[in-house]
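Colleague: The structure under discussion is supplied below as structure tokens; questions concerning it will follow.
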Amino acid sequence: MKQSLAGFLVASALCVATPLALGAQAIEFAKGATSAQVEGSIQGQKAVDYTVKGRAGQTMSISLKSDNTSAYFNVTPPGANAEPIFIGTRVGTEWSGKLPADGDYAIHVYLAGYAASKNESAKYTMTVSAGGG
């Protein structure tokens, strides 16, 4: 029991820390579009990282739909030591907020807790939109 609790705590800590990962996939809006949709899959503790450009004052919205209820995402603003402005495991799979700064925002899609430790998988569709500002 202690070992599985320790594994859960380590997996949870890794999911909260959302660095702007090298090799992250860029989400780009088509010319004139205010949203984009990406599809992917995750398994176990292997996450997928995305970046999307944003401007201070814009409102960004993200929605994650998955076949696994343990799939979540975090959003981290630009900056080497930035703290996440959204942590999915605390709030859910939909977020909308006003962006605090110009730059690349990191979106970290992952499986949480038990699902990650049991090497479950998830297919997902994520919609990202930004406007205003």
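Colleague: Got a number for residues in the stretch 72-89 being assigned to a helix (DSSP H, G or I) and over 11 Å from the mean Cα position of the chain (by Cα)? Quick ask: steps written out before the conclusion?
Modeller: Start the filter on the stretch 72-89 by keeping residues that are assigned to a helix (DSSP H, G or I), which leaves 88-89.
Going one step further and asking which of them are over 11 Å from the mean Cα position of the chain (by Cα), we end up with none.
Looking only at that region, the number is 0.
Colleague: Same structure, new question: Restricting to the stretch 105-126, give me the number of residues that are of a type in the set (D, E, K, R) and under 30 Å from T59 (Cα atoms).
Modeller: 1
Colleague: Taking the stretch 115-133, which residues are modelled with pLDDT of 95 or more and either surrounded by 19 or more Cβ atoms within 10 Å (Cβ to Cβ) or farther than 26 Å from K31 by Cβ (or both)?
Modeller: A115, A116, S117, K118, N119, E120, S121, A122, K123, Y124, M126, V128
Colleague: Report yes if Y72 is surrounded by 18 or more Cβ atoms within 10 Å (Cβ to Cβ) and touching a helix residue (DSSP H, G or I) at 6+ places or on another chain (Cβ under 6 Å), otherwise no. Quick ask: steps written out before the conclusion?
Modeller: Numbers: surrounded by 18 or more Cβ atoms within 10 Å (Cβ to Cβ): yes; touching a helix residue (DSSP H, G or I) at 6+ places or on another chain (Cβ under 6 Å): yes.
Against the criterion (surrounded by 18 or more Cβ atoms within 10 Å (Cβ to Cβ) and touching a helix residue (DSSP H, G or I) at 6+ places or on another chain (Cβ under 6 Å)), Y72 qualifies.
Colleague: Anything in the stretch 46-57 that is more than 10 Å from the chain's Cα centre (by Cα) and either surrounded by 17 or more Cβ atoms within 10 Å (Cβ to Cβ) or in a strand (DSSP E or B) (or both)? List them, or say none. Even if it seems obvious, please write down each step before you answer.
Modeller: Looking only at the stretch 46-57, we keep the residues that are more than 10 Å from the chain's Cα centre (by Cα), and these are 46, 52-57.
Within the stretch 46-57, K46, V52, K53, G54 qualify.
Colleague: Could you list, in sequence order, all residues of the stretch 15-30 that are modelled with pLDDT under 55 and either surrounded by 13 or more Cβ atoms within 10 Å (Cβ to Cβ) or not in a loop (DSSP other than H, G, I, E, B) (or both)?
Modeller: Result: C15, V16, T18, P19, L20, A21.
Colleague: Has the stretch 77-90 got any residue that is out of contact with any helix residue (DSSP H, G or I) (no Cβ under 6 Å at 6 or more places or on another chain), in contact (Cβ under 8 Å) with a residue 12 or more places away in the chain, surrounded by fewer than 17 Cβ atoms within 10 Å (Cβ to Cβ) and within 16 Å of I62 (Cβ to Cβ)?
Modeller: Among the residues of the stretch 77-90, at least one is out of contact with any helix residue (DSSP H, G or I) (no Cβ under 6 Å at 6 or more places or on another chain), in contact (Cβ under 8 Å) with a residue 12 or more places away in the chain, surrounded by fewer than 17 Cβ atoms within 10 Å (Cβ to Cβ) and within 16 Å of I62 (Cβ to Cβ), which makes the answer yes.
The values are calculated or read from the model by the stated rules, or taken from the named source; none is laboratory data. Just so it is clear, the structure is predicted and the values come from calculations on it, not from any experiment. Note that we place each Cβ from the backbone using ideal geometry, even for glycine, and neighbour counts take in every protein chain shown.
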